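Report on one structure; see the data block that follows.
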Amino acid sequence: QSDEVLTVIKAKAQWPAWQPLNVRAAPSAEFSVDRHRHLMSFLTMLGPSPDWNVGLSAEDLCTKDCGWVQRVVQDLIPWDAGTDSGVTYESPNKPTVPQEKIRPLTSLDHPQSPFYDPEGGSIKLVARVVIERIARKGEQCNIVPDNIDDIVADLAPEEKEEDDTPETCIYSNWSPWSACSSSTCEKGKRMRQRMLKAQLDLSVPCPDTQDFQPCMGPGCSDEDGSTCMMSDWITWSPCSVSCGMGTRSRERYVKQFPEDGSMCKVPTEETEKCIVNEECSPSSCLVTEWGEWDECSASCGTGMKRRHRMIKMTPADGSMCKAETTEAEKCMMPECHTIPCLLSPWSEWSDCSVTCGKGMRTRQRMLKSAAELGDCNEELEQAEKCMLPECPINCELTEWSQWSECNTSCGKGHMIRTRMIKIEPQFGGTACPETVQRTKCRVRKCQRGPGMEKRRWKEAREKRRSEQAKKNLDSEQYPVCRLKPWTAWTECSTLCGGGIQERYMMVKKRSKSTQFTSCKDKKELRACNVHPC
């Protein structure tokens, strides 16, 4: 339906969107409407995003009484175009099949959405559009103007200064002139600037957006033919008295007389009161005259300045000197004019500072405006956290335990030893090696025969009697060394894969003799839970 469209609106993107308006003007465009085509629609995407956008649809700019609206301000919420099913700004592409109708996003669409509100509140406003009437052309259907702006718009435009700006270059208005870079009568310069809002023909170059002009400090203008150009004031003379109140003076001279031949009426001498050693008494101290004022602490607007003096002689009566040695007062400099910083675009983000896990990355931009235009307080470097895949964590084990006892009393058997896992492997780290080792063991050869069991039982009984007799003998030889019975076995150190149990025999009574050293606590180990995990 392009034949029904009067103006196609094209505007530059606002990128980055968070940039303050005093640094970079909001993107804008001009368009026309008439009595037959007075509905305005626009749409702009949010990037990056799945398919989110903001805009207006069929905004009527015609009033009920056949006039034109002066200004429309509309806050905008995000809409979903129905072509992608992503839920966050940086979701991967996920086409919606079949495509859905465009709809406004809500605060309950998805828990991962940046607009999610579990209470279902109003969705965040993300943009504002301002539509403002700037001119009225041709015959109007309403006879009475809407307001004073309409009256001005209907009048023939006044002749303006010659401007060589091409019609294809659309600019904002010039900013106010900045303060002069010189605060004295030396030559300096001041600046103003404007923003290029649109370049309709890329083949036609647009003039500069900055304009410079020579200038001098206050009271030094050479534009007026009857103005005297004066030098700076010469240092104050010494005070006329050495104690109490007196006077002092300073002078300046004419650097250039008026071009029209008139006399200079600007004073060349200035006098003021001065106080030296306010109290002329034995308890007063002698001080020097005040020095010159320091420079104002501000380069424009209101600041502070200070001056100092020194103590020449303390009071004759030995008391403390009460005279002030520092004085401060406000000072006024030329009015401050804010000049936006001109900055280059942000660079790409640097690589993450680590190869795995959490780190930092940075990006920079450069100051493009001239240094003499004032300090720029905008940040030139930004840093943010970055996250790479987790670093691998290798398996860590304890040391091997002691070998267990042989699991048989005669013939061939085996012993085991174990170790425990301290840290499980994660994120592709080295896997854990074996935690149980077995080795063969051999005890005395097992005897076989019909009377073998009876013989072994008899040998075991004799062995127990022998051990008991030996124990009784030890008790007679060393009556002071007595042992408690064996404790119960401890719980197994693991539930599977081979663990360890321990038991102890503690000394009940120990000999005080230094020659008796065999009376010690005893400890036994054995394997447990040797089945695989």
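In summary, the lysines within cross-link reach of Lys94, defined as a Cα separation below 25 angstrom excluding same-chain residues under 8 places away, comprise Lys124. Roll a 1.4 angstrom probe over the protein heavy atoms and tell me the percent of accessible area of the stretch 32-135 that is carbon or sulfur. Solvent-exposed carbon and sulfur of the stretch 32-135 make up 53 percent of the total.
Under 16 Å of direct C-alpha separation, and excluding same-chain neighbours fewer than eight residues apart, Lys197 reaches these lysines: Lys10, Lys12.
In the structure shown, the pairs Lys273/Lys322; Lys189/Lys273; Lys101/Lys385; Lys265/Lys305 are assessed against 27 Å; a Cα-Cα span above that value is assigned to Lys189/Lys273; Lys101/Lys385; Lys265/Lys305. Ordered by 1.4 Å accessible area with all protein chains kept, Thr314, Thr268 run largest first as Thr314, Thr268. Across the stretch 86-117, the residues whose backbone nitrogen lies under 20 Å from the label position 7 Å along the beta-carbon direction of Glu384 are 86-93, 112-116. Cross-link partners of Lys458 among lysines, defined as those whose alpha carbon lies under 25 angstrom from its own and excluding same-chain residues fewer than eight positions apart: Lys412, Lys445, Lys470, Lys471. Using the 1.4 Å probe convention, the accessible area of the stretch 32-135 works out to 66 Å² per residue with neighbouring protein chains retained. In this rough spin-label picture, where each label sits 7 Å from Cα along the Cβ direction, the Lys484-Glu30 distance is 10.2 nm. Within the stretch 32-135, the proportion of Cα pairs with more than 24 Å between them is 37 percent.
The values are calculated or read from the model by the stated rules, or taken from the named source; none is laboratory data. Since this is a predicted model, take the numbers as computed values, not measurements. Every residue, glycine among them, receives a Cβ derived from its backbone with ideal geometry; neighbour counts consider all protein chains shown. Each accessible area value is taken on the protein alone, full model and side chains, heavy atoms only, with ligands, DNA and RNA left out. Shrake-Rupley method; radii C 1.70, N 1.55, O 1.52, S 1.80 Å.
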